[in-house]
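Here's a structure for you.
The values are calculated or read from the model by the stated rules, or taken from the named source; none is laboratory data. These numbers were taken from a predicted model, which means no experiment stands behind them. Heads up, the Cβs are rebuilt from the backbone with ideal geometry, glycines too, and the neighbour counts pull from every protein chain shown. Surface accessibility is based on the protein's heavy atoms, side chains included, excluding ligands, DNA and RNA. Shrake-Rupley method; radii C 1.70, N 1.55, O 1.52, S 1.80 Å.
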Amino acid sequence: MRIYKKLFSCLSLFLLCILCLLADAPKVQAAEFLTADNGTFLYMNSRELAISDDEEGVQFFLADDGTLQLMNKNTKDVYKTFVPSEQGMVGYRVRDVFTANPEKIFFEINATIGAHEENCGYWLIGKENGQWVTYVTLEDLAKNGYAIDQWRQIVTKINTDGSGRFILLSQYEYMLPEATFGMQRKYCTDLQLELLWDDAAQGFVMRRLQ
């Protein structure tokens, strides 16, 4: 009888701890992401991209030093400079990211280098109180398991299945022992994150899925 009482007490304590943890867990009021297009790739001769903004003349510009600049097209004032982690022929894919409930717009910047599109930079930016803000960087991804010092590609899927979710994948290439041609290469996903916009905190929250 005493054993049953001890087991019951332990079970009750365990359930109480679980309830406390659930009560203290952050409740993210996540926005719904809308389907995004493939964006625009800035590279070599394609160096400018005008964007929709309350302020006229805002554009992304690929500078001669390989950095990407967000600037006022008319005054040439630079709001932000995005510096890749590699030097060379770096390209930047920029695309709009829209949400509903609330309605917001962000810009995703995915920097790559080489024919196999090795990632060398990632940013999610938006405008808050009239100022451009960087919400997500490679360093933020690294805190959630991204191998920032290894060869990786970043692929994002935004509402591709109609779920309203923003999923980020980290992957790398490999060749099977019997493969002889580059087209036979395979991809391995080593990290999968869900990005959620928390409007109450005015920031992104990441949830690891894999």
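Could you tell me how many of the residues in the range 120-151 are open to solvent by less than 10 Å² (accessible area, probe 1.4 Å) and either modelled with pLDDT under 95 or more than 21 Å from Val58 (Cα to Cα) (or both)?
So the answer is 3.
Go through (1) free of Cβ contacts under 8 Å to residues at least 24 places away in the same chain; (2) outside any loop (DSSP other than H, G, I, E, B) and name the single condition Leu141 misses.
All conditions pass for Leu141, except number (1).
If you don't mind, another one. Considering only residues that are part of a strand (DSSP E or B) and open to solvent by 10 Å² or more (accessible area, probe 1.4 Å), which ones fall in the range 54-81? Please lay out each step first, then the result.
Of all residues in the range 54-81, those part of a strand (DSSP E or B) come to 58-62, 68-72, 78-81.
Result: Phe61, Gln69, Met71, Asn72, Val78, Tyr79, Lys80, Thr81.
Can you go through Gln69, Gln87 and tell me which one is over 28 Å from Gly162 (Cβ atoms) and modelled with pLDDT of 95 or more?
Unique residue meeting the criteria: Gln69.
I've got another one for you. Is it the case that some residue within the range 94-102 is farther than 27 Å from Gly162 by Cβ and either in a loop (DSSP other than H, G, I, E, B) or not charged (D, E, K, R) (or both)? So that I can check it myself, show each step before the final result.
Taking the range 94-102 as the starting set, the residues that turn out to be farther than 27 Å from Gly162 by Cβ are none.
The answer is no, given that none of the residues of the range 94-102 is farther than 27 Å from Gly162 by Cβ and either in a loop (DSSP other than H, G, I, E, B) or not charged (D, E, K, R) (or both).
Sort through Glu108, Glu128, Glu117 and tell me the only one that's on the phi > 0 side of the Ramachandran plot and of a type in the set (Asp, Glu).
Testing whether each residue is on the phi > 0 side of the Ramachandran plot and of a type in the set (Asp, Glu) leaves just Glu117.
For the range 120-134, how many residues meet the condition of being in contact with an Asp or Glu (Cβ under 9 Å, 6 or more places away or on another chain) and either among the hydroxyl-bearing types (Ser, Thr, Tyr) or assigned to a strand (DSSP E or B) (or both)?
7
Within the bounds of the range 144-154, is there any residue that is under 10 Å from the mean Cα position of the chain (by Cα) and free of Cβ contacts under 8 Å to residues at least 60 places away in the same chain?
Looking for residues that are under 10 Å from the mean Cα position of the chain (by Cα) and free of Cβ contacts under 8 Å to residues at least 60 places away in the same chain, one finds at least one in the range 144-154, hence yes.
Within the range 182-189, is there a residue that is open to solvent by 50 Å² or more (accessible area, probe 1.4 Å), closer than 19 Å to Ile113 by Cβ and at pLDDT below 95?
yes
Somewhere in the range 197-210, is a residue assigned to a strand (DSSP E or B), modelled with pLDDT of 90 or more and either loosely packed, with under 11 Cβ neighbours inside 10 Å or of a type in the set (Asp, Glu) (or both)?
Yes: the range 197-210 contains one or more residues that are assigned to a strand (DSSP E or B), modelled with pLDDT of 90 or more and either loosely packed, with under 11 Cβ neighbours inside 10 Å or of a type in the set (Asp, Glu) (or both).
On to the next question. In the range 28-53, which residues are surrounded by 14 or more Cβ atoms within 10 Å (Cβ to Cβ), among the hydrophobic types (A, V, I, L, M, F, W, C) and in a strand (DSSP E or B)?
Ala30, Phe33, Phe41, Leu42, Leu49
Now a separate question. May I ask you to say which residue of Ile125, Ile109 is farther than 14 Å from Trp197 by Cβ and free of Cβ contacts under 8 Å to residues at least 60 places away in the same chain?
That would be Ile109, the only listed residue that is farther than 14 Å from Trp197 by Cβ and free of Cβ contacts under 8 Å to residues at least 60 places away in the same chain.
Just to be sure, is Pro84 open to solvent by 20 Å² or more (accessible area, probe 1.4 Å), over 30 Å from Arg185 (Cα atoms) and either charged (D, E, K, R) or not in a strand (DSSP E or B) (or both)?
Spelling it out, it is not the case that Pro84 is open to solvent by 20 Å² or more (accessible area, probe 1.4 Å), over 30 Å from Arg185 (Cα atoms) and either charged (D, E, K, R) or not in a strand (DSSP E or B) (or both).
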